[in-house]
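Read the structure below first, then the notes.
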Amino acid sequence: MSNPHIYQLGHEPIKDHVFSPDRALMAITKANTVEIYQTSSNLAQKPKLFTTLKGHDKTVTSVDISPDGAKILTCSQDRNALVWEYDHASSEYKPTLVLLRINRAATVCKWSPDGTKFAVGSSDRIIAVCYYEAENDWWVSKHLKKPLKSTITSLSWHPNNVLLAAGSTDGHARVFSAYIKGLDAKPEPTVWGSKLPFQTLCGDFINETGAWIHDVAFSPDGNSLGFVSHDASLGIVYPEGEGLPPKAILNVRTSYLSLKSLVFLTNSKIVVGGHNCNLIVFEGDEHNWQESYKIESQKDLIKDVPENQDDDEEISSHQALNMFKQMDLKGRVNKPSTGANKALSTIHQNTISSIKLFSNSQVSTSGIDGKVVIFNV
Amino acid sequence: MEDWRRIDIDQFDGDHLTPQELIPELPETSHDEIVALSKQIRSALTSGQFSEALALALDSPPYNASDATKSLHSDTVFETLCSIKNNRSDLSGIIKQLSPSQQDNLVKYLYRNMATPAGAKQGGLLLNWFEKTVEITGLGPVVRYMSDRRTV
């Protein structure tokens, strides 16, 4: 097992990141832009900034690269989504507008597994399922509306290219059919249902507390759905079949801060991360899921007091202020460390905002601290 | 200029989500049930079964009940906590015996009682319970107290 690869890419928050399927490109969101990096096959080398996509006038909320690696999809709080394609003549990325027809921010976007369509979630209580219309040279959308009544925070496509899971701020994780007539082949029946016209609601699950769902994901075989929520719990649902109540709904509480993102490594292994800045691995099946291990060993900031430094060293006024703040807040005197000590014992110094699968045994994370890290699991 | 950030823009949408709809549906707990439960808890306390009394009090909080019922139960939990603190020294041992959901509920009632005048007078006691609980459970129950839409 080798060490994680850490890329510090500026200090602005990275809300979302994605690697191209061949791992040669990496895209990260940065304020109103998306930065494209060329990665080296030697992961120890820092990715080189290739270009910056400027086309949105508000914060970019999500980025995704199509399964063939050719198209980059971005969406933003400016209510737009753009599809970027590399133009060899001018050697730059050219955007195509997507007709989303939404009145509020777009929050999340995801390509379908075959790359012919994509879904954009919004705070307009709409999921726009978009596909390309060649005659007009633009992307048009069909809306999934009912019974959505709150902001969509996350989306995940089923491997069959038709079912779409969405997590929202009302605490629901729902599974819809996003079948587009004339574009998709008739899907095989799955545990989620057999007749799937557009907008069929195939599953609607609420987490125990009703807290925000931050991320949803189908398992690799598509037979279960996982979601993480703001109450620091992980939910996994195993459906029984059409019209039947689910075989099992499992809710695993954790003892950490809220969870922001999850990714299935295998059908029986999930990696989650979030506000506690560390990744946690869960393992289980339809009978039971439980916490397996943490990827990084983590010190508890409340309990573990950093060792006192040499008393003779001078401290700056800023550090002195911090010291008194500590006395005030925690009733304990910690002489501030003067070295370049990290505040947290984990690599990420702030919330992990997205986790993606990098390889069979690696996941990549991006964080509010401006880092992208590739961890071995 | 008008404070446009405070305009309720949802009112212009016909069919919007109301705060009530966000609360997960649960069966209603009647006032009589909670009165009966508080008697049961008190008798457990007087016979010295402290862990049992606490577990009983935290097992099924009245999430869907009137305010009067909720505060009655909260007072019962507070009494239980005071009584245990006065009679037993190893709070940690008692907390460890609780199930994870009971521990979550304990934190909820600690916060709720901190907000009451009676609780404020016994702040040290509540903080003591809180410290011991979080030492065992980590921050999860605190996060769940803040994010849970079912209030105690």
Review point. Quick one: if you stick a label point 7 Å off each Cα along the C-beta vector at residue A:41 and residue B:136, how many nm between them?
Key: 5.6 nm
Review point. Expressed as a rounded percentage, what relative contact order does chain A have, with Cα pairs under 8 Å and six or more residues apart?
Key: 12 percent
Practice item. Measure out, as a whole number of angstrom, how far apart the alpha-carbon centroids of the range B:29-92 and the range A:159-181 sit. Key: 43 Å
Revision key, fill the gap. Ranked by GNM mean-square fluctuation in chain B (Cα springs under 10 Å), the top entry among B:98, B:17, B:58 is B:17
Check your understanding: What net charge is computed for the residues neighbouring residue B:73, neighbours being all others with C-beta under 13 Å from the C-beta of residue B:73, Lys and Arg scored +1, Asp and Glu -1?
Key -> -1
Check your understanding: Stretched out fully, how many nm does the piece from residue A:134 to residue A:298 gain, at 0.36 nm a residue minus the Cα gap?
Key -> 53.8 nm
**Study point:** Mean Cβ neighbour count within 10 Å, used as a protection proxy, ranking A:228-236, B:43-51 highest first
**Key:** A:228-236, B:43-51
Check your understanding: What's the FRET efficiency of residue B:88 with residue A:104 using the Cβ-Cβ distance as r and R₀ = 51 Å, to the nearest 0.05?
Key -> 0.40
Practice item. Whole Å is fine, so just give me how far the alpha carbon centre of the range A:44-61 lies from that of the range A:104-120. Key: 19 Å
Study note, to complete from the structure: Sequence order, the range B:86-103: Karplus ³J(HN,Hα) from phi using 6.51 cos²θ - 1.76 cosθ + 1.60, θ = phi - 60°, Hz rounded, Gly and Pro as x, gives 6, 10, 10, 9, 8, 4, 4, x, 5, 5, 4, 6, 6, 6, x, 6, 5, 5
Study note, to complete from the structure: In nm, the gap between the two label points placed 7 Å beyond Cα toward Cβ at residue A:318 and residue B:7 is 4.1 nm
Review point. Anyone know which of A:109, A:202, A:75 comes out most mobile in the 10 Å Cα GNM of chain A?
Key: A:202
Exercise for review: Note down the relative contact order for chain B as a percent, whole number, built from C-alpha pairs under 8 angstrom at least six residues apart.
Suggested key: 24 percent
Practice item. Under a 10 Å cutoff between Cα atoms, tell me which one of B:73, B:31, B:16 has the largest fluctuation in the Gaussian network model of chain B. Key: B:16
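Read-outs throughout are calculated quantities, based only on the coordinates presented, and are distinct from any laboratory measurement. Computed from a predicted model, the values in this text were never measured in an experiment. Cβ sites come from the backbone with ideal geometry, for glycine too, and all protein chains shown count toward neighbours.
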